[in-house]
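Report on the following structure.
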Amino acid sequence: MLDFTTLAVVGCQWGDEGKGKITDYLAAQADVVVRYQGGPNAGHTVNIGNETYKLHHLPCGILYQEKTCILGNGMVLDPSVLVKELDNLKERGITPERLYISDRAHLILPYHLRQDALEEKKRGGSKIGTTLRGIGPAYQDKIGRRGIRAGELKEPLRVKERIREILAEKNELFQRYYDDPGIKMQEIEETYLPLADRLLPYITDTSLLLDAYLHQGAKILFEGAQGAMLDLEYGTYPYVTSSSTLAGSIFCGTGIPPGKVKAVLGVAKAYSTRVGAGPFPTEIEGPKAGQIRERGREFGTTTGRPRRIGWLDGVALRQACRLNGLEHLALTLFDVLSGMGDLKIATAYRLADGSVIEHFPAALHILEQSTPVYQEYAGWSEDISGARSINDLPAAALAYLQGVEAVTGARVSLISVGPRRDQTFVRP
Ligand code: GDP
Ligand code: IMO
Ligand code: MG
């Protein structure tokens, strides 16, 4: 896995699988690290020594300083969050030497944040539980062909005029439909645009840049955000994010052609979590969920919300492997399962009529009627956070790992037993 030319790291569950940690681990070998979808809804944690970094827009390669980092055109960017992220890193001695932002990436504006909140409020009991970062509305405007792209900041008068026009429409929507006073242009001019202008030095055509890197034979790592079950197409729609989180979106989201991503590594935690609302078939009710949440520190990186906890969902994971073409998995937070007693992996779902399905259904009402069919595994009590090779794992942990492989057909090639870089090992 360490020997790659181009490699994508993708989430296989409902996000927060430890993509940040795994990307950081693999980035040691990379020349370029690229984000291609999502925006500040992502929260990728990297622990280096005693330092913890939480990245929302910036690829984890930024922490190496000498790596080239690219924010691809498929992303949506909030300048106020991104500038804060850069400032925070600067305070900690990290300055971006080679950061590039796609001129085609769409901007999140203050009205997107407001719209996200108003839409959620309107949904009442069927809230999605978004991160309230304006992601959905920014992608809606992109698809609706009224988005503002990063490159437009280069023409200040024109962009101001465009924002003014769109804001008039948004304010009409906010006032008439949501009974909200709306947002003043002056506010955007005084607080938003000066921050957005700070991004200007980084904005360029990143597709051309990536093409040049590909021709040079540079090692490129693609850092996915969210996870397969939050994918706009194949996730638990409508309880999903507004971008495609699958490896297939790398091509549209960066402007490189299919075939240029030579390998894809899926990241899966050893159990399941979900933050926000929506179906979660293997959700655990009761004290064990609390124990796993505490041990795994399962609180949202972006919003601080407690994450819902569930058993490993082999049906969902199998779908993630199929859709991403995964042959290899990185299994993370494995240490969290020590001392949790007997464990379970869902291998199929049983429907209300007694029939059994082995694939993830599109219709939520079918999912809601179904109950997981579990394979049980003996637990282990040994602390495995010090394991540095497969031989250091107790037999029960090994059997569980083989259960993950059996249910997915993919090989667990990378194992993570703690948040730090050194708590990671490759399985030869
Ligand atoms: P991401 O969004 O996929 O990058 O994941 P997050 O950073 O949101 O959440 C993963 C959390 O688990 C972070 O707090 C990581 O520091 C932590 N983490 C990652 N791998 C491991 C691991 O193997 N064991 C433990 N205990 N924590 C881990
Ligand atoms: P990383 O990259 C976990 C979830 C939200 C909500 C749904 C839609 O850290 O894994 P959005 O704000 O995107 O419109 O919210 O998606 N969500 C995530 N959950 N990890 C993430 O990112 C997420 N990004 C969005 O909680 O349920
Ligand atoms: Mg996260």
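Overview of values
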quantity	calculated
Rg(Cα)/(2.2 N^0.38 Å) for the stretch 1-132, N = residue count	1.12
Whichever lysines have a C-alpha closer than 28 Å to that of Lys19, once near sequence neighbours (fewer than 8 apart) are set aside	Lys54, Lys67, Lys84, Lys90, Lys127, Lys142, Lys219, Lys260, Lys262, Lys269, Lys288, Lys344
Charge context of Arg420, other residues only, Cβ under 13 angstrom, K/R +1, D/E -1	-1
Selected from Gly124, Thr191, Leu232, residue furthest toward positive end of dipole (the stretch 122-271; charges at beta carbon)	Leu232
For the stretch 178-328: rounded, prolate or oblate by the Cα gyration tensor [a/c cutoff 1.5]	oblate
Which of Leu329, Leu193, Leu414 has the fewest Cβ neighbours within 10 Å, and the rest in rising order	Leu193, Leu414, Leu329
Glu66-Ser355 FRET efficiency (beta carbon distance; Förster radius 56 Å; 0.05 resolution)	0.50
Nearest 10 degrees, 0 to 90: helix 314-324 Cα axis against the chain principal axis	50
Length gained when the stretch Lys127-Arg427 is fully extended (0.36 nm per residue, less Cα-Cα span)	103.9 nm
Distance between modelled label sites at Glu169 and Met340, nm, 7 Å Cα→Cβ extension	4.6
Amide H contacts under 5 Å for Gly38, placed H, 5+ residues apart	Val76
Computed over the stretch 165-208, the ratio Rg/Rh where both radii use C-alpha atoms and Rh is Kirkwood	1.19
Rough spin-label spacing in nm, given labels placed 7 Å along Cα→Cβ, for Glu189 and His215	4.4
Assigned charges on the beta-carbon of Lys, Arg, Asp, Glu; the stretch 97-193 dipole about Cα centre (debye)	320
Degrees, to the nearest 10: 156-178 long Cα axis against longest axis of the chain	70
Only Lys, Arg (+1) and Asp, Glu (-1) charged, at Cβ; the chain dipole about Cα centre in debye	260
Cα centroid separation, the stretch 288-352 to the stretch 49-112 (Å)	28
The stretch 268-426, dipole about Cα centre (Lys/Arg Cβ +1, Asp/Glu Cβ -1), debye to the nearest 20	480
Base-10 log of normalised Debye intensity for the chain (one unit scatterer per alpha-carbon) at q = 0.08, 0.10 Å⁻¹	-0.44, -0.68
Positive-pole candidate from Ala330, Gly314, Gln402, dipole of the stretch 268-426, charges at beta carbon	Ala330
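Computed from the coordinates by the stated procedures, all read-outs in this text should not be read as laboratory data. As the structure is a prediction and not an experimental result, all values here were calculated from the model. Cβ coordinates were reconstructed from backbone atoms using ideal geometry, including for glycine residues, and neighbour counts include every protein chain displayed.
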